[in-house]
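Worksheet: one structure, shown below.
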Amino acid sequence: MKKLFTALIFSLLMPLTAMAAEYSDGNGYTTIKTPVRTSDPSKIEVTEIFWYGCPHCYALEPLVQAWKKDAPADVDFKYLPAVFGRGWLAHAKAFYIADILGVEDKIRGDLFNAIHVEHRRLNSEDALAEFFVNYGVNEDDFHKLYDSFSVNSRLSQADAKIRAYGARGVPGIIVNGKYLVSAQTANGNENIFKVVDFLIEKERQN
């Protein structure tokens, strides 16, 4: 009877043990060599490194939005536009202009669709300014911000962070400045937020 009871307890604990060991450095995520300071130590920061022009970011976007909708209260979600190529700069600037003007949530899905579904060439200052006008943004205000100190300083800060993370592509999810999760590390987009949830719990226990 005692052996049967022990076997039953072991069988119940096995799934929990397997779950706890499901992900590790190199299996699901990569540990960032030197942790990067987050903006609010009282929260667990989750940051998506992205580019509007990236088809993989576009494919991940519905999963990002679904996860964000039910994100835990102790999580602080952020976006970080990357500039890994010459043609990425206009989109990074567009993100910060939208953020400064408070319209990023409004334009995000439509900008992704305009680029990836409608195949519009929204990769220049003028083309993006015209796009923003449809969301109540004054065209002159857009142009003033495009090369402004505010936007350029944010670009520099983003570039420094991305280098510190060791990220070399998009999309990538950074958890609390310590871990990098991608489709490659998680074995597919559908697994990315499973790993993110695992790491959030790991951070809660630290």
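Enumerate the helices (runs of 4 or more DSSP H) found wholly within segment 138-206, keeping only those where 2 or more residues are free of Cβ contacts under 8 Å to residues at least 12 places away in the same chain.
On the way: elements: 139-146, 149-165, 183-186, 189-204.
Of the helices (runs of 4 or more DSSP H) lying wholly inside segment 138-206, those with at least 2 residues that are free of Cβ contacts under 8 Å to residues at least 12 places away in the same chain span 139-146, 149-165, 189-204.
Please indicate, with yes or no, whether at least one residue in segment 52-71 is in contact with a Pro (Cβ under 7 Å, 6 or more places away or on another chain), modelled with pLDDT of 95 or more, surrounded by 10 or more Cβ atoms within 10 Å (Cβ to Cβ) and part of a loop (DSSP other than H, G, I, E, B). Reasoning before the result, please.
Initial filter on segment 52-71 (in contact with a Pro (Cβ under 7 Å, 6 or more places away or on another chain)): 54, 56-57, 60.
Right, trim to modelled with pLDDT of 95 or more and you get 54, 56-57, 60.
Adding the requirement that they be surrounded by 10 or more Cβ atoms within 10 Å (Cβ to Cβ) leaves 54, 56-57, 60.
From what is left, the residues that are part of a loop (DSSP other than H, G, I, E, B) are 54.
Within segment 52-71, one or more residues are in contact with a Pro (Cβ under 7 Å, 6 or more places away or on another chain), modelled with pLDDT of 95 or more, surrounded by 10 or more Cβ atoms within 10 Å (Cβ to Cβ) and part of a loop (DSSP other than H, G, I, E, B).
When you go through (1) open to solvent by less than 90 Å² (accessible area, probe 1.4 Å); (2) more than 30 Å from N123 (Cβ to Cβ); (3) at pLDDT 95 or above one by one for A7, which number turns out not to apply?
All conditions pass for A7, except number (3).
Can you name every residue in segment 91-134 that is closer than 25 Å to R163 by Cβ and crowded, with 20+ Cβ neighbours inside 10 Å? Lay out the reasoning, then the answer.
Going residue by residue through segment 91-134, those that are closer than 25 Å to R163 by Cβ are 91-100, 104, 108, 123.
Matches in segment 91-134: H91, A92, K93, A94, F95, Y96, I97, A98.
What is the one condition in (1) at positive phi; (2) open to solvent by 70 Å² or more (accessible area, probe 1.4 Å) that G166 does not satisfy?
Condition not satisfied by G166: (2).
With respect to P41, is the statement that it is modelled with pLDDT under 95, out of contact with any Cys (no Cβ under 6 Å at 6 or more places or on another chain) and open to solvent by 50 Å² or more (accessible area, probe 1.4 Å) true? Please lay out each step first, then the result.
Working: modelled with pLDDT under 95: yes; out of contact with any Cys (no Cβ under 6 Å at 6 or more places or on another chain): yes; open to solvent by 50 Å² or more (accessible area, probe 1.4 Å): yes.
So P41 fits the description; yes.
Of the residues that make up segment 197-204, is at least one at pLDDT 95 or above, of a type outside the set (A, V, I, L, M) and open to solvent by less than 30 Å² (accessible area, probe 1.4 Å)?
Scanning segment 197-204, I find at least one residue that is at pLDDT 95 or above, of a type outside the set (A, V, I, L, M) and open to solvent by less than 30 Å² (accessible area, probe 1.4 Å), so the answer is yes.
The values are calculated or read from the model by the stated rules, or taken from the named source; none is laboratory data. Not measured: the values here are computed from a predicted model. Glycine gets a Cβ as well: all are built from the backbone with ideal geometry, and neighbour counts include every protein chain shown. Only protein heavy atoms, including side chains, enter the accessible area calculation; ligands, DNA and RNA are left aside. Shrake-Rupley method; radii C 1.70, N 1.55, O 1.52, S 1.80 Å.
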